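Here the structure comes first, spelled out in structure tokens, and everything after it is commentary.
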Amino acid sequence: MEEMSEEMDLAERIAEALKPPRCPECGSELDYLLYVEEALNTAKFYGDDYHSWDTVAVQDSWYECPNCEKILFRDRELANKFLRGEE
Ligand SMILES: [Zn+2]
């Protein structure tokens, strides 16, 4: 009996570990984060159309919950760990 419940615990822990992480703000299960980037772009303007769009600088970027849109991370490594269930 003792052994059986230990097996159950292990099975439950594995099942828990395989579940996608939950948003700490709204509790929804997340298998991805929405990456948002604010950037400075330039383009050649010929009067009727734009050509040669280029991203000159990324001014800000973050990772947010696709459900509640709260910003969860600004650091890529932390966001990655969260998705892998390590944080
Ligand atoms: Zn959320």
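Only the coordinates and a few stated rules stand behind these numbers; no lab work does. Computed from a prediction, not measured in an experiment: that's the story for all the values here. Cβ placement follows ideal geometry from the backbone for every residue including glycine, while neighbour counts extend to all protein chains displayed.
Things worth noting here:
- To the nearest ten degrees, helix 2-18 and the longest principal axis of the Cα atoms of the chain are 10 degrees apart.
- Among the chymotrypsin sites (Phe, Trp or Tyr not before Pro) found in the range 20-87, those both in a DSSP coil and sparsely packed, with 11 or fewer other Cβ atoms within 10 Å of their Cβ, are Y32, Y46.
- 24 Å Cα-Cα reach of K70 towards lysines, excluding residues that sit fewer than 8 places from it in its own chain: K19, K81
- The range 2-83: translational diffusion in µm²/s, Stokes-Einstein, Kirkwood Rh over Cα pairs, 25 °C, 0.890 mPa s: 152
- For V56 and R74, the difference between the fully extended length at 0.36 nm per residue and the C-alpha to C-alpha distance is 4.5 nm.
- Computed [θ] at 222 nm, deg cm²/dmol, the chain (DSSP H ≥ 4; -39,500 (n - 2.57); rounded to nearest 500): -9000 deg cm²/dmol
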